[in-house]
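> Provided herewith is a single structure, encoded as structure tokens, for subsequent inquiry.
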Amino acid sequence: MKRISLTQYLIEEQRLHNKIPAELRLLIEVVARACKTISHAVGKGALGEVLGSAHSENVQGEVQKKLDIISNDILLEANEWGGHLAAMASEEMETIHPIPNRYPMGEYLLLFDPLDGSSNIDVNVSIGTIFSVLKAADGMQAPTEADFLQPGTRQVVAGYALYGPQTLLVLTTGDGVQCFTLDREMGAWVMTHKNMEIPADTQEYAINASNARHWQAPVKRYIDELLAGTTGPRSKDFNMRWIASMVTDVHRILTRGGIFMYPADAREPDKPGKLRLMYEANPMAFLVEQAGGAATDGQQRILDIQPEKLHQRVPVFLGSKNEVELVTSYHKPK
Ligand code: AHG
Ligand code: MN
Ligand code: MN
């Protein structure tokens, strides 16, 4: 079988389809390289003394793990000097990180969740890095947080790296979703899945059911109907999976279909859900739509939401189209 590397894929996209400017190609390659470094750190585990808590809190009030901070630092350092970025933003940083003056400034903005699934780090369950790329407005001088507040439809690239039994890179530049596997001996990303597609129908769903008593009526109704199986209105049985690393749950859905939900609930009425719009929901929604699936906040397409804050949260329903449409329809006033 002919092996297609990430570099070859990107160069061909640039040449044949004129899709990817050279600067963007460099950006993707640098992010992919940083993910290789993170994968290496993750793989060392206790031997690298990277497990456990950093005993600090991020802006969301969550306790940071050592690997959250290590991964954030790796991404910042890798992406600072290439001249392709204007600024970066991360789950682990309160505000944006403009490119230091000593380096040239580019036109792209990079957002990331450096390590998704932090609660799984110490138990050796798959975790990942999620990223999203936007373009700064023409003529921008000094980037501010406001430059990042663009709807997800404006993303030019989105993807994630998955640190599991295999290390994977799943990517979209708006031309379908491609999956690359890290060849550990060669240190190269090799394309192993072209044009991933999510089937429109599924019998598998993902939700943290321990929050059931806090759910709102439309989610309760939808899940009750799934649980009723063959004897209920859906007339079929459904299976449940919840990994607690969004990146891993979404990868399963891109591989064999399914619906993933993290709704808003009554635990913290001021917070619209748990997941963050800019560096979790938007990149995943872009990937899922590119694979033929759907992604909503229960009311509207996630990619259409106009962000108001960098760390804004959003309810998430994504995956197999017919299921996402059904649960979304339950939220609409009759
Ligand atoms: P992070 O580790 O980046 O903070 O994100 C964790 C997220 C997401 O990956 C996962 O789906 C969800 O939190 C799990 O939440 P629960 O612990 O409430 O199940
Ligand atoms: Mn996350
Ligand atoms: Mn994280």
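> Kyte-Doolittle cut-off 0.0, length cut-off 20 Å along the helix's own axis using Cα: show which whole DSSP H helices in the chain pass.
22-44, 66-80
> Quickly work out the D122-to-E107 label distance, labels modelled 7 Å from Cα along the C-beta direction, and quote it in nm with one decimal.
With each label placed 7 Å out from Cα toward Cβ, I get 4.6 nm.
> To continue, here is another question. Antiparallel DSSP bridges in segment 204-331: what percent, to the nearest 5?
70
> May I ask which residue of Q64, V50, A78 lies farthest towards the positive end of the charge dipole of segment 38-80, with charges of +1 (Lys, Arg) and -1 (Asp, Glu) on Cβ and the Cα centre as origin?
Checked the options; the winner is V50.
> Of G293, I305, G273, which is farthest along the charge dipole of segment 265-328 in the positive direction, counting Lys and Arg as +1 and Asp and Glu as -1 at C-beta?
G273
> Between segment 172-199 and segment 25-79, what is the separation of their alpha carbon centroids in Å?
22
> Consider a paramagnetic label point 7 Å from the Cα of L47 along Cα→Cβ; state which residues of segment 121-163 have an amide N under 20 Å from it.
121-127, 163
> Something else about it: Arrange the following residues from fewest to most other Cβ atoms within 10 Å of their Cβ: K271, K194.
Placing the least packed residue first, the sequence is K194, K271.
> Within segment 250-313, list the trypsin sites (Lys or Arg not before Pro) lying in a DSSP loop whose Cβ has at most 11 other Cβ atoms in a 10 Å radius.
In loop regions of segment 250-313 (DSSP not H, G, I, E or B), the sparsely surrounded trypsin sites (Lys or Arg not before Pro) are R267.
> Springs between alpha-carbon atoms under 10 Å, Gaussian network over the chain: tell me which of I38, I74, I253 tops the mean-square fluctuations.
In this elastic network of the chain, the residue with the biggest mean-square fluctuation among I38, I74, I253 is I74.
> Taking the Cα centre of segment 175-266 as origin and charging only Cβ (+1 Lys, Arg; -1 Asp, Glu), how large is the dipole, in debye to the nearest 20?
260
> What does the extension gain come out to for H193 and L326, with contour length at 0.36 nm per residue minus their alpha carbon separation?
45.0 nm
> Indicate the gyration tensor shape class of segment 57-163 (rounded, prolate or oblate), computed on the Cα atoms with a ≥ b ≥ c the square roots of the eigenvalues: a/c under 1.5 is rounded; otherwise a/b larger than b/c is prolate and the rest oblate.
prolate
> Treat each spin label as a single point 7 Å out from the Cα along the C-beta direction, and report the R267 to A217 distance in nm.
2.4
> Which ordering of H251, H55, H311 is given by a fewest-first count of other beta-carbon atoms within 10 Å?
Exposure proxy ranking, most exposed first: H55, H311, H251.
> Do you know the Lys pair count in segment 6-193 for C-alpha distances under 28 Å, with sequence separation 8 or more or different chains?
8
> Let me ask something else. Full extension from A54 to E94: what is 0.36 nm times the residue separation minus their Cα-Cα distance, to one decimal in nm?
Here the answer is 12.7 nm.
> Which residue fluctuates the most in the chain, going by a Gaussian network model with Cα springs under 10 Å, if the choices are T129, T172, T192?
Highest fluctuation of the listed residues: T192.
FYI, it's all coordinate maths here, none of it is from the lab. These figures come from a predicted structure and were not determined experimentally. Because the Cβ atoms are built from the backbone with ideal geometry, glycine has one as well, and the counts that use them run over all protein chains shown.
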